[in-house]
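One structure below.
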Amino acid sequence: MTRFYKLSGSGNDFLALAEPRETPPPERIRAWCRRGVSLGADGLFVLRRAPGGDNGATMDYFNADGLPADLCLNGTRCAAQLAFHLGWAGGTETQTLRLRTGAGTVATRRLDEGRTAVELPAPVEPPQPLTVDAAGTPHAGWRILVGVPHFVLLWPDGLETAPVRELGRQLRYHPVFGLPGTNVDFVRFPARERLEIRTYERGVEDETLSCGTGVLAGAAVGLALAKVRLPLQVETQGGFELLVDGDPEAGSWSLAGDARVVAEGELLPGAEVSPPLPAWERPADLVKT
C-alpha cells in the first residue's frame, strides 16, 4: 500500500506522495492517473523536505503519461499547499516556502487553506509568431516556453466553440514542435484585465480544467500584443479564477489562486491495473499533419 494525497489547483488535479521510500516507475504513475480505471489525475508529484531543516522542499513532477515535466505551475502551487498542510514551513508567520522544481527554485506563499501563490522569473524569450498547418488549414499562433512549451491561439469567438480536443491534439503532435511536442492554448481577451483560456495538455493528452503554465503563456502573449495589463483575472475551464500579477519587464511575475488538499488515503494494488488503450486513442494512431 502507498500513502497518497489528492489535491486540486483550479481544477488541475494531482496525486502526491510525501517523502516516499522511492519514486514510482512511469508505468505505475500512468496506471494510478488513469481515470475510471484507477484513482485518476492530471499528474503526480513527489514532495520531499529540503535537507538540513531548511524552510523549503523539492518536488518532482510527472504528467499522467508517467513522464517527467520540468514545470507544472498548478502542481507547484498544490505542492506548496501540501507542504504547508504537513507543517514543513517551519511555523513561519509569513507562510512562505522555497520550492525546488525541475525548472528551478521558486518562492511560494500560502494565502489561506484554499489558495496559494507562486512567484517565478518571467520567460527569457518573448512569444514568437508561428503559423502551423493542421489538416490543410493554417493556424496562426504564438510559441513560447514557460518552463514547458506552449502554442497559444487567439480564438476569435467564444471559447465554447473552440475544438480543444480535436485541433489541440493535431497541433500538439505537429512536427514543427519536435519530439517533445507542445501544449496548446485557446485564449480570449474579453477586457484589458481579463483572460479566458482552455488548454490541451501534452502528457495528459486531453483538455484539462486548468493549466498554470498555459495561463502565463496566454498572459505573456496578451502583454506582448498590448491586449491586457496586470493584474490580470483569468477564467479557466474549471470555473475557478486565477490572478496573474507582477512586473514581467523587471523579470518576475506571480500566479495565485485555488490550491486545495482534498483527500488522503492508501493506494492499493488494484490501483495499478491498467489495460491497454484502444487503438484510436494511442498516440501513434492519432491524426497527423
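Mind checking the full-extension length gain between Gln95 and Arg194? Use 0.36 nm per residue of separation minus the Cα-Cα distance, one decimal, nm. Numbers along the way, then the final one.
Values: separation 99, 0.36 × 99 = 35.64 nm, distance 2.82 nm.
Contour length minus the Cα-Cα distance gives 32.8 nm.
Taken along the Cα-to-beta-carbon direction at a fixed 7 Å, the label points for Leu243 and Val176 span 3.7 nm. For Asp157 and Ala224, the difference between the fully extended length at 0.36 nm per residue and the C-alpha to C-alpha distance is 22.1 nm.
The helix-only estimate of mean residue ellipticity at 222 nm for the chain, built from DSSP H runs of length n ≥ 4 each weighted as -39500 (n - 2.57), is -4500 deg cm²/dmol after division by the residue total. Computed extension gain for Leu86 through Val37, at 0.36 nm per residue and net of the alpha carbon distance, reaches 14.7 nm. For the chain, the residue among Pro51, Gln237, Pro156 whose Cα projects farthest onto the positive side of the dipole built from Cβ charges is Pro51. Here r is the Cβ-Cβ distance between Val262 and Arg282 and R0 is 35 Å; the resulting FRET efficiency, rounded to 0.05, is 0.70.
Leaving out ligands and nucleic acids, note down the accessible area per residue over the stretch 132-263 with a 1.4 angstrom probe, in whole Å².
40
Taking every DSSP bridge with both residues inside the chain, close to 80 percent are antiparallel.
Taking every DSSP beta bridge that has both residues in the stretch 5-107, what percent is antiparallel when rounded to the nearest 5? Write down the numbers at each step before the final one.
Working: 17 of 26 bridges.
In the stretch 5-107, approximately 65 percent of DSSP beta bridges are antiparallel ones.
Summing charges over neighbours of Cys211, with a neighbour being any other residue whose Cβ is under 11 Å away from its Cβ, gives -2 when K and R count +1 and D and E count -1. With the convex hull drawn over the C-alpha atoms of the stretch 92-165, the volume per residue is 158 Å³. Relative to the Cα centre, the charge distribution of the stretch 6-121, modelled as +1 at Lys and Arg Cβ and -1 at Asp and Glu Cβ, gives a dipole magnitude of about 140 debye. Projection of the Cα convex hull of the stretch 103-211, averaged over all directions and equal to a quarter of that hull's surface, yields 8.4 nm². Solvent-accessible area assigned to carbon and sulfur over the chain amounts to 52 percent, based on a 1.4 Å probe.
The values are calculated or read from the model by the stated rules, or taken from the named source; none is laboratory data. Because the structure is predicted, anything quoted here is derived from the model rather than measured. Neighbour counts are summed over all protein chains in view; Cβ atoms, including those assigned to glycine, are modelled from backbone coordinates with ideal geometry. In case anyone asks, the SASA skips ligands and DNA or RNA and just uses the protein heavy atoms, side chains included. Shrake-Rupley method; radii C 1.70, N 1.55, O 1.52, S 1.80 Å.
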